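*Asks:* Starting off with a structure, shown below.
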Amino acid sequence: MLRTLLSAFLLSISLAYGMSVSELNSASKEELMKIKGIGESKAEAIIEYRTKNKFTKLEDITNVKGVGKGLLKVIEEYKSDANSTK
């Protein structure tokens, strides 16, 4: 019982905060550019990469030229309007 409650709690936290892989695979250029550190050219590079190679985990974004661990952390912590609790 406790394990089930803990799993449900952790799932709710992961859904409430941070960008998901699904969002990363479907975000428009404009949506990507709302993330600090992503400008037009980087958003275009992300879209070009995911057209050929879908992201299966957030860490895959570091395969995009110009995206490092620092930006990965920003993306992990990014809370989109769709995820936000108002």
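*Asks:* For residues in segment 18-45 being farther than 14 Å from Lys79 by Cα and of a type in the set (A, V, I, L, M), which is surrounded by the most Cβ atoms within 10 Å (Cβ to Cβ)? It would help to see each step written out before you state the result.
*Replies:* Pass one, segment 18-45, residues farther than 14 Å from Lys79 by Cα: 25-26, 28-30, 37-45.
Next, only the ones that are of a type in the set (A, V, I, L, M) stay: 38, 43, 45.
Numbers: Ile38: 23, Ala43: 19, Ala45: 16.
By that ranking, first place goes to Ile38.
*Asks:* Would you pick out the residues in segment 46-72 that are surrounded by fewer than 17 Cβ atoms within 10 Å (Cβ to Cβ), within 14 Å of Ala27 (Cβ to Cβ) and not aliphatic (A, V, I, L, M)?
*Replies:* The answer is Glu48, Thr51, Lys54.
To keep it simple, each residue is scored yes or no on (1) out of contact with any Asp or Glu (no Cβ under 7 Å at 6 or more places or on another chain); (2) at pLDDT below 95; (3) outside any loop (DSSP other than H, G, I, E, B).
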position	(1), (2), (3)
Leu6	yes, yes, yes
Ser14	yes, yes, yes
Ser22	yes, yes, yes
Lys42	yes, no, yes
Glu48	yes, no, yes
Val67	yes, no, no
Glu76	yes, yes, yes
Lys79	yes, yes, no
Ser84	yes, yes, no
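The values are calculated or read from the model by the stated rules, or taken from the named source; none is laboratory data. Because the structure is predicted, anything quoted here is derived from the model rather than measured. Quick reminder, even Gly has a Cβ in these numbers, built from the backbone with ideal geometry, and neighbours come from all protein chains shown.
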